[in-house]
Amino acid sequence: GYAIPTIIGEIKRHFRDRTWSVRVPRRLQELRLSITEANSTLTHSLGRSPTVADIAVHLGITEEEVLEGLEGARAYNATSLSTPISTDGNTELGDTLGGDDHEFEIAETRVALGPALATLDEREQKILTLRFYGNLTQSQIADQIGISQMHVSRLLTKALTKLRGQLSADTI
């Protein structure tokens, strides 16, 4: 009398805990079972597919909890990345995944660069802008500003040193 319920319980527990593709909290696993039972009962009694609101009222929970249970149920079976998704069968689900975006690596530096540039004086800002955004040579910058190319080189070096100091101080 004791062995049969114990063995059946252990078998059910094994399937409940080990057959999910993605680990889902036990609460959601049990909610999925309740939703499935309620769906079956309400389909027979209503004569139509029940809505989320119908299931929520039947179970005495909120609609958000029903939606959470339905979303959790999707984790029971995993979909292969080799699954065809186009009508001609040439495109697979894995083909739709994005690749590495190397621009994210420098996003923080770009955000920090604005305040760091604001610490430079107007002439240094202008020289950096002409050099890196205008793609002008040091000689062309010198002609525009009215100073020597050597002085542009010194000012550029000084400004870049200030920016490196600002950016390294921000990361500490």
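The numbers here are math on the coordinates, done by the rules we state, and not lab data. The structure presented is a predicted model; accordingly, all values stated were derived computationally and were not measured. Using ideal geometry, Cβ is built from the backbone for each residue, glycine included, and neighbour counts are taken over all protein chains shown.
Can you give the extra length, in nm with one decimal, that the chain gains between Gln140 and Glu63 once fully stretched, where that is 0.36 nm per residue apart less the Cα-Cα distance?
21.0 nm
Per-residue ellipticity at 222 nm for the chain, helices alone: DSSP H runs ≥ 4 residues times -39500 (n - 2.57), over residue total, nearest 500 deg cm²/dmol?
-19500 deg cm²/dmol
Could you tally the net charge around Asp101, taking each other residue with its Cβ under 15 Å from the Cβ of Asp101, Lys/Arg +1 and Asp/Glu -1?
That works out to -3.
For segment 20-56 and segment 83-145, compute the distance between their C-alpha centroids and round to whole Å.
The distance from the Cα centre of segment 20-56 to that of segment 83-145 comes to 49 Å.
Provide, as a two-decimal number, the C-alpha radius of gyration of segment 102-171 over 2.2 N^0.38 Å, N being how many residues it has.
Compactness ratio reported: 1.18.
Report the percentage of all Cα-Cα pairs in the chain whose separation exceeds 20 Å, rounded to a whole percent.
74 percent
For Ser82 and Glu103, compute 0.36 nm times the residue count separating them, minus their Cα-Cα distance, and round to one decimal in nm.
4.7 nm
If you add up the charges near Ile85, with Lys and Arg at +1 and Asp and Glu at -1, over every other residue whose beta carbon is less than 14 angstrom from its beta carbon, what do you get?
Neighbour charge sum, excluding Ile85 itself: -3.
Figure the gain on full extension for Ser153 and Thr36 (residue separation times 0.36 nm, minus the Cα-Cα span) and round it to one decimal in nm.
34.8 nm
Assign unit charges at the C-beta atoms only (+1 for Lys and Arg, -1 for Asp and Glu), then state the dipole size of segment 102-171 relative to its Cα centre in Debye, rounded to the nearest 20.
280 debye
Ranking Glu63, Glu124 by Cβ neighbours within 10 Å, fewest first, what do you get?
So the residues, fewest neighbours to most, are Glu63, Glu124.
Below 27 Å, Cα to Cα, which lysines can Lys126 reach? Residues fewer than 8 away in the same chain don't count.
Reachable lysines: Lys158, Lys162.
Could you work out how far helix 107-118 tilts from the main Cα principal axis of the chain, as a 0 to 90 degree angle to the nearest 10?
Result, in degrees: 40.
Counting Lys and Arg as +1 and Asp and Glu as -1, each charge on the Cβ, what is the dipole of segment 3-85 about the Cα centre in debye, to the nearest 20?
Charge dipole of segment 3-85: 400 debye, to the nearest 20.
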